[in-house]
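The values are calculated or read from the model by the stated rules, or taken from the named source; none is laboratory data. Remember, it's a predicted structure, so these values are computed and weren't measured experimentally. All Cβ positions, glycine included, derive from the backbone under ideal geometry; neighbour counts span all protein chains shown. Protein only, heavy atoms only, side chains kept; ligands, DNA and RNA dropped before computing areas. Shrake-Rupley method; radii C 1.70, N 1.55, O 1.52, S 1.80 Å.
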Amino acid sequence: YEKERERRKTGKDLVAYTQYLQCYPFTIAEVFMSSSQNIFPIGLLQDQIERIMRDKQLVNMGVKGELVMSEGKVEFRPDASLREADFPINKSRSNEGCVVIYEEPHYQGERIPDKLYIAGTDPYAQDQADTSPSLGSTFIYKRFFKAGVTHDKIVAEYTGRPKTSDEYYENVRKLLIYYNARCLYENNIPGMKQYFERKNSLHLLFKEPAFVKDVI
């Protein structure tokens, strides 16, 4: 069964691979995977989750901390006492979350190259929502720069729900400044743009792509 899994994993039909795992499962979770309702390769993602959970170095990957403004610049201050938001979400615990750095920004001389880092943000709509499990989530992605330098990888994450949405937006703003990154965000929730406008930081946000406007 393990050999057959490896063979199917490298095939082009990932839906068939997920269906095979459902028919010949090793765990209970594999029985309930659904390939019909998800565009992502569920089987491969489940393999990766299990790999991470087995490897202590991967489980503890990243440095937790907070971003602070100091003399007009953003600094990252590690703080091991902070806790990442739970996934799956645990409603009985605080999910304020924290910034996690996987790789520090790459400098060329004294500055970070423009367009090296891009970000994506899924914000939330209101400050308090006791019945809602929604968290804000921002990832920083490093693009290709030059040979010999790491690229095409996630270098930082901030997922959580602090007491106010303004606090969340401010943490995102500092994270973007820290990496000299511009952000694509879900703009059906206007709060993020409004906050960045108040902070004279609209240059940190991408404009809505033309193809999105065409679809809408």
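Near Asn187, no amide H atom lies under 5 Å from its own; only residues 5 or more places off or on other chains count, and H is placed 1.01 Å from N. Between helix 42-54 and the chain there is an angle of about 80 degrees, using the helix long axis and the longest principal axis of the Cα atoms. Carbon and sulfur together cover what percent of the accessible area of the stretch 74-216 at a 1.4 Å probe radius? Of all accessible area on the stretch 74-216, carbon and sulfur atoms account for 51 percent. Computed from phi, the 3J(HN,Hα) profile of the stretch 80-95 under the Karplus parametrisation 6.51, -1.76, 1.60 (θ = phi - 60°) reads 5, 7, 6, 10, 5, 5, 6, 9, x, 5, 9, 5, 7, 10, 5, 10 Hz, with x in place of Gly and Pro.
Calculated accessible area for the chain comes out at 66 Å² per residue, all protein chains present (probe 1.4 Å; ligands, DNA, RNA ignored). Each residue of the stretch 137-147 is assigned a 3J(HN,Hα), and the resulting list reads 8, 10, 10, 9, 10, 9, 8, 5, 10, 6, 4 Hz, derived from the Karplus form 6.51 cos²θ - 1.76 cosθ + 1.60 (θ = phi - 60°), x at Gly and Pro. If R0 equals 25 Å, the separation of the Cβ atoms of Thr10 and Val59 corresponds to a calculated FRET efficiency of about 0.45. Entry note, the chain: the mean residue ellipticity at 222 nm calculated from DSSP H runs of n ≥ 4, each adding -39500 (n - 2.57), is -8500 deg cm²/dmol after division by the residues and rounding to the nearest 500.
A simple spin-label model places the labels of Ser134 and Ile28 3.1 nm from each other, with each point 7 Å out along Cα-to-Cβ.
In this Cβ point-charge picture (+1 for Lys and Arg, -1 for Asp and Glu), the stretch 175-216 has a dipole of about 160 debye about its Cα centre. In the structure shown, the pairs Lys153/Lys193; Lys115/Lys193; Lys115/Lys153; Lys142/Lys207 are assessed against 22 Å; a Cα-Cα span above that value is assigned to Lys153/Lys193. The distance between label points at Leu44 and Arg83 comes to 3.4 nm (points 7 Å beyond Cα on the Cα→Cβ vector). The separation of the stretch 1-61 from the stretch 71-130, counted between C-alpha centres, amounts to 28 Å.
Per-residue 3J(HN,Hα) values for the stretch 115-120, derived from phi via the Karplus relation 6.51 cos²θ - 1.76 cosθ + 1.60 with θ = phi - 60°, read 6, 6, 10, 10, 9, x Hz in sequence order (x marks Gly and Pro).
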